[in-house]
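This report refers to the structure that appears directly beneath it.
The values are calculated or read from the model by the stated rules, or taken from the named source; none is laboratory data. The structure displayed is predicted, hence computed values, not measured ones. Ideal geometry is used to build each Cβ from the backbone, glycine not excepted, and the neighbour counts take in all protein chains shown. These area figures cover heavy atoms from the full protein model, side chains too; ligands, DNA and RNA do not enter into them. Shrake-Rupley method; radii C 1.70, N 1.55, O 1.52, S 1.80 Å.
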Amino acid sequence: MTTNEEHTVRSLDAKRREQTPQVLARLALGALFTVLWIFLWVLSIPMPVPFLLNLFAYILFFLLYWRLVFRLPTVRAVELAHYGMLALDIIFYTVTVYFLGGASWLGALAYVFGLIFTNAFLDLRRGLVYTSGASLAFVGLVLLEATGAVPHYVYLEQGALRYTDPQFVATTIIGSVGVFFSIYLWVNWVGYQLRRERDGAVRAQEEVLGARAELERANAELEELVNAQHAECELATAALQESEERLRAVFANVPVILWAIDPEGILTVSEGKGLKALGLKSGEAVGLSIFDVFRDVPAVLDGVRNALAGKSSGSDSAPITVEVKGLMLEMRSTPIRGDNGEILGVIGVAMDVTERKRAEEALRVSEERFRSLYTRTPGMLHSIDASGRLVDVSDRWLEVLGYERSEVIGRRAPEFLTEESRHYAETVVLPQLMKTGHAREIAYQFVKKNGEIVDILLSAVSERDKDGGVSRSFAILTDVTERKRAEEALRESEARYRWLIEGAPYAMVIANGEGRIVMVNAETEKLFKYNRIQLVGEPLEILMPEHFQEGHLGHRAGYLEHPYTRPMGTSLTDLVGRRSDASEFPIDIHLSSLKTDSGVLVTAVIRDVTEQKRAQDALQEQARRDPLTNLLNRRAGLVAMEERLARAKSEGGQFAVLVIDIDRFKAVNDVFGHEAGDNALIRLGLLMAELVGEDGVACRLGGDEFEIGLEDAGLYQAVLCGEELRASLQHSLEASSAEGGPKFTISVGVACYPKDGATMAALGRHADQAMYAAKAAGGDASRAWSHRATGQAA
């Protein structure tokens, strides 16, 4: 985060926090008036009910405002919300005054309290605007009542037309405005004294942030200058390398290797005493390809290819250090360009830095040992003498607090603490350190050079002289500022997470990697009728034991080895949940898991789909039914009969099919109308359903044709069923003869398994043929397919 962004965030946070005392003051005022109203009501002293309702609205508004202001994204938005709040504040006071009697000193008291609580938090200009607005509102109310534009609200007895008396109106206006501006001047004077110190600190902080930004810009400019100077030096080096012939004799006696290649990689120069260490002589490699000479050293070949591509090695970038035949060579290469910028070749130099690298490594090890106390600790270090003055500090100490070493050595360590921490160090920690020789994990607040506060944990041990006194103390300090911020952020995140879970419209269950419940929300308690105390610590399968016992949930979710290790979410349907009272209901569940430092957490979002299942079942049933007769339709009926025929075949039983058709149904429609025809179909369907019951299948094939399937029924039972249906129809028609409806008859055809056919297609076709045989014989009869030629009924 940049300095400007940090300043913006702090300004927004400060502006938000300024609203809290203002809201609390108004909530206290609302509570005070509410208690007063109740107190007077208990004493049977009348107070206006609208006044109490206004107080409730006042308190509710400021609770909502307090919540809203911490969600606004900018300082400007907070300021606009604040102005709106002040305007509504005046409106609340004006309504309060009106219900307290309007043009009266008792009513003006509401403005007085409002001005006291408001002006304490406003500067002179804003306070003046607010006070003027309150005054105008009150004067306007008084004048509106005085002129009769607004009816006067009376809750206590008054004199006749007292509020229209000009002297009373004038004294009320003058006195009230005088009180208002007196409070304004006094409260703002007090507030000014408090704000002056705060504003000074804010300005000082802004100046420090500005200086910090200026220092960063100066540092960037200095870095650019250093880079430019470095580039100029490298250009000078390149110019010197172009004097190949003049330096050849020099390199012949210097332990370096000078080489040059053409664009094809052929060595044109190979000089230097360093060649001897590689088993080569000066000029011996000229004419060879550098890719052959160094084919076993890929780093050298990569540098050459980069140089041929126009990229330098060792000028704008670090030199290449490679190991060749036990030697450490530091190689630099630079492309040679023509006047038009084309690559004419590459010139390079390699230096034997074996001894230097060994010396550097030995020096590095020595320095690491020497500085291990200051560089390898995760915290900061400092040492103090017996008087508490700093003797030495680590680089990390200086880096964190932003000081130079010369600015801190010799100063007392408590000087770098906040006032509270300094007092604790002087009175408790340092005396204890001098006495016992140690102090462990003392929490301090240090003040950085730029004024920022950092949280530090300090542990110290003392070194004693020959007389037993403390001569020097060594302290290890750990910056825990970010850790404290992270802990606070974690607490806030957990609070938000719990709020989201509790506010979810579905049941949510959190389980650990072992499948035990660690958290549930209120919807879970409501859905499963458990108390969350009963669920926490229990296995997840307590809510759906059937699926866990069968391994169904683990397999469906893809958790083959363990049901709580898959990171992606998985949705499962057609599951059964079990409540605390052992009642079961259909559920859908969405499982997802997250790996944390403490293990795996599984989130289960559970939905009660009882109503959804009912709706689905109703739709499925509706799709199977004939809309007019409510019998099974053709497709559903034939499927049901196929199932029963298959069962009869497997069990060696019987199965009968009856096809029913209304005789001369067209005449019914033509004479009595289609509505009467529909009623006839409905009547027949009801009689069929009643006759068959649960033991058979009744369906409408289409038009006036129906079909019945009977299990465990032979020819006799099937024909008897047809005759019973005909008799029931005639009885029903006779019972309703007074209604004047059409009289009609039916013809029934019968076919039985296994004698008349082995498939539904054959049985249906044969029963249909038998039915038409009955119609041909005059109708109103039942015929079996096996007796259709003889005209016998059975």
- So who's got an amide H within less than 5 Å of the one on Val256, skipping anything under 5 residues away but keeping other chains? H placed 1.01 Å off N, in plane. Lys273, Gly274
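Would you work out what percent of the accessible area of region 568-680, with all protein chains in place, is carbon or sulfur (probe 1.4 Å)?
Values: 3220 of 6450 Å².
Carbon plus sulfur share of accessible area: 50 percent.
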- Query: Spin-label point model (7 Å from Cα, Cβ direction): what's the Met434 to Asp712 distance in nm?
  - Reply: 10.7
- Karplus-derived HN-Hα couplings along region 710-721 (A = 6.51, B = -1.76, C = 1.60, θ = phi - 60°), whole Hz, x at Gly and Pro: 10, 7, 6, 10, x, 4, 5, 5, 5, 5, 4, 5
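Got the relative contact order for region 582-660 handy, in percent, Cα pairs under 8 Å and 6 or more residues apart? Don't skip to the end; give the middle numbers.
Working: 53 pairs, mean separation 13.6, N = 79.
About 17 percent, as a whole number.
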- So which lysines pass the test for Lys526, namely a Cα distance under 25 Å, with those fewer than 8 places away in the same chain ruled out? Lys613
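Counting other C-beta atoms within 10 Å, and keeping those with at most 11, which DSSP coil trypsin sites (Lys or Arg not before Pro) do you find in region 451-523? Can you show the working numbers first?
Details: sites: Arg464, Lys466, Arg472, Arg483, Lys484, Arg485, Arg491, Arg496, Arg498, Arg516; in loops: Lys466.
Answer by residue number: Lys466.
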- Query: Kirkwood Rh over Cα pairs of region 455-552 into Stokes-Einstein at 4 °C, 1.567 mPa s: D in µm²/s?
  - Reply: 72
- Accessible area per residue, 1.4 Å probe, Å², for region 575-704: what's the number? 55
- Output ³J(HN,Hα) for region 595-611: one whole-Hz value per residue in order, computed from phi by the Karplus curve 6.51 cos²θ - 1.76 cosθ + 1.60 with θ = phi - 60°, and x for Gly and Pro. 8, 10, 4, 8, x, 9, 10, 10, 10, 10, 9, 10, 10, 7, 10, 4, 5
